[in-house]
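The values are calculated or read from the model by the stated rules, or taken from the named source; none is laboratory data. This one's a predicted model, so the numbers in the text were calculated from it and none came from an experiment. No Cβ is skipped: glycine too gets one built from the backbone with ideal geometry, and neighbour counts run over all protein chains shown.
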């Protein structure tokens with residue numbers, strides 16, 4: 001481990017670390033909690049759960065979000081579910097298995113102690129959510145229902161139809177609103193954090209912009225929690241919400257918080273393909289569809305026929321061909337790369353040729369035959385069988401099929417779906433220790449904003465788990481380790497020179513942006529950045545491309561600061577100005593992502609370096625040289641960085657290669 | 001996919017801020033692909049306005065997949081436009097005809113003041129939630145989730161009510177600008193669950209009191225809210241809200 005990185009993992013056996021830690025961590029007495037102020041930036045699962053829980057404990061809390069209400073945060077869009085080691089299905093699940101699956105799924109690039117703690121508290125999350133009124137799916141006996149997800153052999157995923165993220169967020173939001181009503185949380189919606197304020201080496205507050213009036217505000221806190229989500233929008237097109245951004249994390253990075261594994265990005269294999277230059281975002285089709293859909297491309301290049309007109313023997317079910325053992329259910333990173341390979345080789349479908357088919361016809365017939373048998377229709381004709389089969393598929397996936405039809409105007413019951421991979425989640429984020437504290441004392445990062453739990457590839461249904469674990473059950477304990485030493489610190493006046501200076505700097509940046517008065521819109525630059533990132537730092541990367549990308553991004557940054565055009569004025573609602581600030585930060589982050597990807601001379605999880613692959617084209621991990629977290633320090637100047645390494649020590653799991661053949 | 005392009009005339013409400021009076025501006029727009037979403041069409045307009053040195057149209061949006069509830073827009077006299085059961089971000093231009101004039105306004109309700117152009121302030125919904133839209137359980141107090149069986153029918157019905165995305169289309173659709181469907185959905189979600197029982201009476205009284213204080217109108221059962229709700233929240237929730245309210249009022253101490 002680098003000199004400057006102390007992950008503060010407690011001593012003792014893995015399974016006892018968290019229990020012992022909780023019993024020995026310093027506490028803050030209730031009278032002192034009332035005098036301690038905590039700022040929470042972001043109101044998704046991590047932010048809402050942390051804010052409400054800390055307020056319940058007695059701390060004074062302020063919450064900031066850029067949306068018009070805390071309830072809009074992008075956690076709301078998660079579809080599939082949330083994992084928990086409850087073993088309600090009696091199928092052999094345990095805390096250890098969830099821990100093991102998560103480490104393995106992350107391709108052995110996550111920290112053991114954090115992941116084990118995540119698995120330990122996973123069950124409490126379900127209890128807490130049910131108690132706060134989250135209507136999870138249930139069986140007829142009244143007990144909770146589970147389903148399976150990728151990368152596991154047990155059923156441990158809890159869900160609420162295809163809206164699990166929405167229901168969990170509304171649960172946490174309700175608890176948050178309860179505290180707002182009691183006056184223990186002050187809510188600042190339509191506010192964006194533009195900088196952190198450090199005093200004597202500790203984070204003591206933030207500068208925020210009121211997005212309605214345009215005014216800058218100074219806010220003091222004894223501690224600051226960044227719960228600001230991921231940075232997938234660096235690619236312009238992603239499944240993230242339009243407003244999702246890296247600004248809070250990036251500003252913190254530039255003030256001393258190291259950035260961990262920035263190049264670890266998850267590309268989800270089943271999204272609706274891009275339909276044209278107007279496209280503003282991409283829509284996910286749930287992973288569950290791969291249970292019954294078969295993925296293929298035509299065997300002939302540039303086949304002009306419609307999907308349903310291509311006969312069986314002229315179809316290449318390439319996942320089943322390459323990975324006979326797992327077939328269409330290989331993990332996300334593998335499925336995504338295989339789709340890209342086919343399209344790059346000229347076998348893509350649709351007008352753009354950047355798509356593959358996800359076809360339900362085989363299983364429609366299979367289900368139809370089963371239904372016919374059940375209904376004693378011994379001589380059912382093909383039309384009847386297909387009709388019966390479609391009804392079964394509708395029951396299972398009806399809402400997803402409807403969504404597909406709405407967007408593409410094609411009927412997936414009749415023609416195969418066209419899908420293509422899209423940026424979905426970022427495993428990288430601010431480096432944090434076991435306490436979730438960044439390298440800036442008093443500054444924490446929770447949820448997708450930190451790097452800690454998913455290694456190089458996140459398993460499905462684990463993002464919701466991590467957000468709520470961090471907010472409900474981890475930070476309420478670990479923040480005591482820091483705040484117990486801060487009880488004598490009186491609230492610092494926001495007239496302090498550090499606040500004044502930070503506000504001035506933020507104002508200068510905004511002024512500079514407004515005064516460029518160039519010729520091209522913010523979106524113009526964002527799209528160009530996205531194209532560079534997607535082509536050179538997307539599903540497959542190589543040293544030559546990454547070096548080119550770094551040069552291109554640097555040139556783009558220079559051009560942006562000379563030629564961006566932002567209409568309107570400073571002191572009013574100005575959506576273009578908001579976007580400009582975010583894109584400026586994305587451009588700087590994009591460069592760091594490429595630097596990180598270039599540094600990591602191996603392939604692991606979502607990070608695939610073309611130079612490092614096996615003869616069969618699979619990822620070739622290098623555990624001897626790269627079993628570490630790359631934590632980058634911003635050295636100021638012209639976007640320069642220094643690498644620090646946290647070596648990953650596996651004491652409880654034996655590292656092995658992943659194979660799906 | 002049958003992509004075509006459309007030439008349209010847009011009449012859009014422009015308003016500088018809360019204090020200023022607004023008015024309609026007319027913008028011709030051409031070459032709009034029928035595959036675009038409605039918001040992407042506005043993106044195209046904004047790009048053009050920026051190029052021409054004009055101010056782009058401010059509008060709320062975020063997830064663009066129909067779940068965050070942030071996008072609004074009153075399109076040709078209907079919240080979220082002409083298609084049933086979708087938000088504006090899920091509305092596609094193939095729902096419009098060549099040469100059509102499309103009128104776009106913000107949500108109209110005194111409890112939703114216009115902040116700029118098509119952006120309104122819906123914080124009144126948050127305040128209604130803060131008044132009672134929760135179950136008072138502190139983190140750490142929960143018992144094992146399966147120690148409390150809940151009948152599937154009740155759980156499913158509760159989920160249907162909980163599907164509300166808080167967009168405010170119900171208020172915008174209502175001639176009285178009533179927030180009854182929004183409040184009813186939350187009251188129903190908890191009234192149907194055992195966890196919601198201890199605060200069942202106080203919750204409905206407090207939420208309704210806050211709703212009235214915010215200046216939302218009364219319900220006259222026209223059903224416009226249900227017809228325009230992008231998530232299909234049923235009018236039966238309002239019937240339940242009325243029952244809950246009467247029962248709570250009768251028994252309140």
Practice problem: State which residue is nearest to the other protein chains (Cβ to nearest Cβ) when the search covers only the range A:271-282 and only residues that are touching a residue at least 24 places away in the same chain (Cβ under 8 Å) and in contact with a helix residue (DSSP H, G or I) (Cβ under 6 Å, 6 or more places away or on another chain). | Solution: A:280
Quiz item: Does the range A:614-635 hold any residues that are under 17 Å from residue A:254 (Cβ atoms) and either buried (at least 19 other Cβ atoms within 10 Å of the Cβ) or in the same structural domain as residue A:318 (by TED's automatic domain parsing) (or both), and which are they?
Solution: A:631, A:632, A:633, A:634
Exercise. Answer yes if at least one residue in the range A:514-535 is assigned to a helix (DSSP H, G or I), free of Cβ contacts under 8 Å to residues at least 12 places away in the same chain and over 27 Å from the mean Cα position of the chain (by Cα), and no otherwise.
Key: yes
Practice problem: Please find, within the range A:171-190, the residue that is nearest to the other protein chains (Cβ to nearest Cβ) out of those that are surrounded by fewer than 24 Cβ atoms within 10 Å (Cβ to Cβ), in contact with a helix residue (DSSP H, G or I) (Cβ under 6 Å, 6 or more places away or on another chain) and not in a helix (DSSP H, G or I). | Solution: A:187
Quiz prompt | Hits in the range A:562-578 (condition: more than 10 Å from chain B (Cβ to nearest Cβ) and surrounded by 19 or more Cβ atoms within 10 Å (Cβ to Cβ)) | solution = A:564, A:577, A:578
Quiz item: What is the number of the single condition among (1) in a loop (DSSP other than H, G, I, E, B); (2) touching a residue at least 12 places away in the same chain (Cβ under 8 Å) that residue B:53 does not meet?
Solution: (2)
Exercise. Name, by its number, the condition in (1) within 11 Å of chain B (Cβ to nearest Cβ); (2) surrounded by fewer than 24 Cβ atoms within 10 Å (Cβ to Cβ) that does not hold for residue A:71.
Key: (2)
Practice problem: Please verify whether the range B:189-199 includes one or more residues that are more than 9 Å from chain A (Cβ to nearest Cβ) and within 24 Å of the chain's Cα centre (by Cα). | Solution: yes
Self-check item: Only one of A:214, A:256, A:260 that is modelled with pLDDT of 95 or more, buried (at least 24 other Cβ atoms within 10 Å of the Cβ) and not assigned by TED's automatic domain parsing to the domain that holds residue A:541
Solution: A:260
Practice problem: Grab the helices (runs of 4 or more DSSP H) fully contained in the range A:288-381, keeping just those with 3 or more residues being assigned by TED's automatic domain parsing to the domain that holds residue A:276 and within 22 Å of residue A:266 (Cβ to Cβ). | Solution: A:318-322, A:332-344
Quiz prompt | Hey, residue A:107 in contact (Cβ under 8 Å) with a residue 12 or more places away in the chain and touching a strand residue (DSSP E or B) at 6+ places or on another chain (Cβ under 7 Å) or not | solution = yes
Quiz item: Looking at (1) crowded, with 24+ Cβ neighbours inside 10 Å; (2) assigned to a loop (DSSP other than H, G, I, E, B); (3) touching a helix residue (DSSP H, G or I) at 6+ places or on another chain (Cβ under 7 Å); (4) within 14 Å of chain B (Cβ to nearest Cβ), can you tell me which one residue A:66 breaks?
Solution: (3)
Quiz item: Considering only the range B:4-33, how many residues are within 30 Å of residue A:304 (Cα to Cα) and facing another protein chain (nearest Cβ under 8 Å)?
Solution: 1
Practice problem: Could you please find all residues in the range A:382-402 being crowded, with 16+ Cβ neighbours inside 10 Å and farther than 16 Å from residue A:293 by Cα? | Solution: A:385, A:388
Practice problem: For the range B:8-19, state whether one or more residues are free of Cβ contacts under 8 Å to residues at least 40 places away in the same chain and under 21 Å from residue B:102 (Cα atoms). | Solution: no
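Here's the yes/no breakdown for (1) out of contact with any helix residue (DSSP H, G or I) (no Cβ under 7 Å at 6 or more places or on another chain); (2) under 18 Å from residue A:452 (Cα atoms); (3) more than 11 Å from every other protein chain (Cβ to nearest Cβ); (4) not in a loop (DSSP other than H, G, I, E, B):
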{"position": "A:76", "(1), (2), (3), (4)": "no, no, no, yes"}
{"position": "A:91", "(1), (2), (3), (4)": "yes, no, yes, no"}
{"position": "A:104", "(1), (2), (3), (4)": "yes, yes, yes, yes"}
{"position": "A:110", "(1), (2), (3), (4)": "no, yes, yes, no"}
{"position": "A:115", "(1), (2), (3), (4)": "no, yes, yes, yes"}
{"position": "A:120", "(1), (2), (3), (4)": "no, yes, yes, yes"}
{"position": "A:125", "(1), (2), (3), (4)": "no, no, no, yes"}
Exercise. Would you mind telling me which numbered condition in (1) more than 7 Å from chain A (Cβ to nearest Cβ); (2) within 19 Å of residue A:276 (Cβ to Cβ); (3) surrounded by 24 or more Cβ atoms within 10 Å (Cβ to Cβ) residue B:45 fails?
Key: (3)
Quiz item: On the given criteria, is residue B:67 assigned to a strand (DSSP E or B) and either in contact (Cβ under 8 Å) with a residue 12 or more places away in the chain or more than 7 Å from every other protein chain (Cβ to nearest Cβ) (or both)?
Solution: no
Quiz item: Got a sec? Which of A:162, A:151 is in contact with a helix residue (DSSP H, G or I) (Cβ under 9 Å, 6 or more places away or on another chain), modelled with pLDDT under 95 and within 30 Å of residue A:5 (Cβ to Cβ)?
Solution: A:151
Exercise. Quick one: which residue in B:157, B:228 is closer than 24 Å to residue A:144 by Cα and crowded, with 17+ Cβ neighbours inside 10 Å?
Key: B:157
Exercise. Please determine, by comparing only the residues of the range A:288-313 that are under 21 Å from residue A:335 (Cα atoms) and free of Cβ contacts under 8 Å to residues at least 60 places away in the same chain, which one is surrounded by the fewest Cβ atoms within 10 Å (Cβ to Cβ).
Key: A:301
Practice problem: With respect to residue A:415, determine if the residue is surrounded by fewer than 23 Cβ atoms within 10 Å (Cβ to Cβ) and outside any loop (DSSP other than H, G, I, E, B). | Solution: no
Practice problem: Could you look through the range A:322-349, keep only residues that are touching a helix residue (DSSP H, G or I) at 6+ places or on another chain (Cβ under 9 Å) and more than 23 Å from residue A:457 (Cα to Cα), and pick out the one that is surrounded by the fewest Cβ atoms within 10 Å (Cβ to Cβ)? | Solution: A:347
